[in-house]
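**Q** Quick one: this structure, given as structure tokens, is what I'll be asking you about.
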Amino acid sequence: MPRLAVLASGSGSNFEALVRALEPTEHECVLLICDRAGAGAFERARRLGVPSRHVSYAGRSRAQAEAEIAALLSEAGADLIALAGFLRILSPDFVRPRAGRILNVHPALLPAYPGLDALRRSWDAGEETFGATIHLVDEGMDTGRILRQEGLRRRIGESFENLESRVHALEHRLYREVVLGMLDDLSRNSARGDRP
């Protein structure tokens, strides 16, 4: 059975949405890794019964932190990795061996507004169309192949907070659909004896 691991840095709302989506399926989330000790995602993992680990980047190189992450993923037997608000750029050395098996969710219609604070930047630029993108992680910043993308229009008189809430709901729906689809594909490939 394919196993999911999630990397997060913040509150973990996308992490929880993914775990809830897996509950009625054969798939499971086997690990949450956070780079911030106080991340709200840890409390969600505790409530959901998902093992979690803190991997600090403080006082060490990115290569050292990523080596620890890689070891934890291997130990958990993770087949698919979902970034859920993980605010680190993964190195080519980490990404290459896992090409096609690392996903990210982004609160904008890529290739527009890559990087941090995408929704706020698009709002401040006066955009009328917003959205969410699910993409594979490659060696760039939000440059991987787009797997799913959906837009929504700003409503007349809408506040930023309301738009943000709608974009988050869209992210949760799209991400769980893509992740479940990929886990199902991995399961079928495994049943046929294909390599993941």
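Each value in this text was obtained by applying a stated rule to the coordinates, not by laboratory testing. Predicted model only: the values in this text are computed from it and were never measured. No Cβ is skipped: glycine too gets one built from the backbone with ideal geometry, and neighbour counts run over all protein chains shown.
**Q** What ranking, highest mean first, results for peptides 119-128, 4-13 when packing means the other Cβ atoms within 10 Å averaged over each residue? Could you put the intermediate results ahead of the total?
**A** On the way: 119-128: 13.8, 4-13: 22.6.
Packing order, densest peptide first, comes out as 4-13, 119-128.
**Q** OK, next. Under a 5 Å amide H to amide H cut-off, with H placed in plane at 1.01 Å, what residues pair with residue 82 once short-range neighbours are removed?
**A** Amide H neighbours of residue 82, under 5 Å, 5+ apart: 5, 6, 7, 103.
**Q** Follow-up. Note the angle between two axes, namely the Cα long axis of helix 13-22 and the longest principal axis of the Cα atoms of the chain, as a number of degrees from 0 to 90, rounded to the nearest 10.
**A** 60
**Q** Put +1 on the Cβ of every Lys and Arg and -1 on every Asp and Glu Cβ in the chain; which of 83, 54, 118 then has its Cα farthest towards the positive end of the dipole?
**A** 54
**Q** Using unit Cβ charges (K, R positive; D, E negative) and no other charged atoms, how large, in debye to the nearest 20, is the dipole of the range 3-192 about its Cα centre?
**A** The dipole of the range 3-192 has a size of about 160 debye.
**Q** Something else about it: Quick one: length gained pulling residue 46 to residue 25 fully straight, 0.36 nm per residue minus the C-alpha distance? Walk me through the numbers on the way to the answer.
**A** On the way: separation 21, 0.36 × 21 = 7.56 nm, distance 2.02 nm.
Gain on stretching residue 46 to residue 25: 5.5 nm.
**Q** Sticking with the crude label model, points 7 Å out along Cα→Cβ, report the distance from residue 185 to residue 165 in nm, one decimal please.
**A** 3.4
**Q** If you take every DSSP beta bridge fully contained in the range 3-192, what fraction is antiparallel? Give it as a percent rounded to 5.
**A** Working: 11 of 28 bridges.
Among the beta bridges of the range 3-192, antiparallel pairing accounts for roughly 40 percent.
**Q** With the Cα gyration tensor of the chain in hand, give its eigenvalues times 5 under a square root as the equivalent ellipsoid semi-axes, listed largest first in whole angstrom. Please report the intermediate quantities before stating the final value.
**A** Details: eigenvalues 143, 75, 57 Å².
So the three semi-axes of the chain are 27, 19, 17 Å.
**Q** Build a GNM of the chain with springs between Cα atoms under 10 Å: which of 116, 18, 174 gets the top mean-square fluctuation?
**A** For the chain, modelled as a Gaussian network with Cα springs under 10 Å, the answer is 116.
**Q** On a C-alpha basis, how far is the centre of the range 1-17 from the centre of the range 90-122 in Å? Whole number, if you could?
**A** When both Cα centres are located, 15 Å separates them.
**Q** Pairing the Cα long axis of helix 160-192 with the longest principal axis of the chain, what angle in degrees results, from 0 to 90 and rounded to the nearest 10?
**A** 30
**Q** Let me ask you something else. Starting from the Cα-Cα distance between residue 116 and residue 150, subtract it from 0.36 nm times their residue separation and give me the gain in nm to one decimal.
**A** On the way: separation 34, 0.36 × 34 = 12.24 nm, distance 1.91 nm.
Extra length available between residue 116 and residue 150 comes to 10.3 nm.
**Q** Further question on the same structure: Give me the net charge for the shell around residue 106: Cβ to Cβ below 15 angstrom, other residues only, Lys and Arg +1, Asp and Glu -1. Mind showing how you got there, number by number?
**A** On the way: positive: 88, 120, 121, 145, 148, 173; negative: 117, 127, 138, 142, 150, 164, 171.
Around residue 106, the charge tally is -1.
**Q** With labels modelled as points extended 7 Å from the Cα through the Cβ direction, what inter-label distance (nm, one decimal) is found for residue 192 paired with residue 75?
**A** Distance between label points: 3.5 nm.
**Q** Taking only DSSP H segments of four or more residues, each worth -39500 (n - 2.57), what value at 222 nm results for the chain once the sum is divided by all its residues, to the nearest 500 deg cm²/dmol? Mind dumping the intermediate values first?
**A** Working: 6 runs with 77 residues, N = 196.
Using -39500 (n - 2.57) per qualifying helix, the result is -12500 deg cm²/dmol.
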